[in-house]
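Read the structure below first, then the notes.
The values are calculated or read from the model by the stated rules, or taken from the named source; none is laboratory data. The structure displayed is predicted, hence computed values, not measured ones. Cβ sites come from the backbone with ideal geometry, for glycine too, and all protein chains shown count toward neighbours.
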Amino acid sequence: MTKNNFYKLYLKAYNNAVDLLSEAKILFKKKRYCRAYFLAFTGLEEISKSQLAADVYTGFIGEDIFWKYYRDHDYKIDNSQWAHEDANSYPYNQVWLGPDIDDIELISPTKPLWENRQISLYTAIIDDNIVAPDDKILISDAQDIIHILDTAISRIIETTEYYGHQIGTKGFMK
């Protein structure tokens, strides 16, 4: 791939993550917590992919690293650990949850887990029990993952647009 294509991938994956966040919020408002969780989790993977592509574009990592991890779900989620850590220190604004725009609280979102992404869509057998998505994914799980994705997007905007740092992880992971 050309350097320009890595930039295009960065933009498209980032924009897709923004769309997934918006759709997750819509589903959350409709009390469809499992599907909201799935979309927000997928958005977090897209953010990770966008940052990998940006890092190749800026020369921070080599193309070989990108191709090694491009489809590795565990790596992409581990690579987005910074968003989880930032989400634990950013206030959670519940504006999108309801009419009380002054309702802000600090939360400690749980770490995104691949198993929860899977259970958010599929009925499973766990320890001889049949478990539906609604049995496992709670409102708080959906709220947490949406907050993590929202924080990731906010940090990327803050770093690149407000502070003028380069795109990719080098701009905010010093």
Mind checking whether some residue in region 26-47 is in a helix (DSSP H, G or I), over 16 Å from D134 (Cα atoms), over 11 Å from the mean Cα position of the chain (by Cα) and in contact (Cβ under 8 Å) with a residue 12 or more places away in the chain? no
State which residue pairs qualify: first residue closer than 21 Å to Q166 by Cα and inside region 54-73, second residue at pLDDT below 90 in any location, beta carbons under 6 Å apart, and separation of 6 or more residues or different chains. A54/I167; A54/G168; D55/G168; D55/T169; T58/Q166; T58/G168; F60/G168; F60/K170
Under the condition of being at pLDDT below 60 and of a type in the set (S, T, N, Q), which residue from region 69-107 is surrounded by the fewest Cβ atoms within 10 Å (Cβ to Cβ)? N93
Total residues in region 7-36, condition more than 20 Å from R117 (Cα to Cα) and either surrounded by fewer than 20 Cβ atoms within 10 Å (Cβ to Cβ) or of a type in the set (A, V, I, L, M) (or both): 6
Meets criteria (surrounded by fewer than 23 Cβ atoms within 10 Å (Cβ to Cβ) and either within 20 Å of the chain's Cα centre (by Cα) or closer than 20 Å to D150 by Cα (or both)) for F66: yes
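The rows are residues; the columns are (1) exposed (fewer than 13 other Cβ atoms within 10 Å of the Cβ); (2) part of a helix (DSSP H, G or I); (3) at pLDDT below 90; (4) of a type in the set (K, R).
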| residue | (1), (2), (3), (4) |
| --- | --- |
| D144 | no, yes, yes, no |
| T151 | no, yes, yes, no |
| G164 | yes, no, yes, no |
| K174 | yes, no, yes, yes |
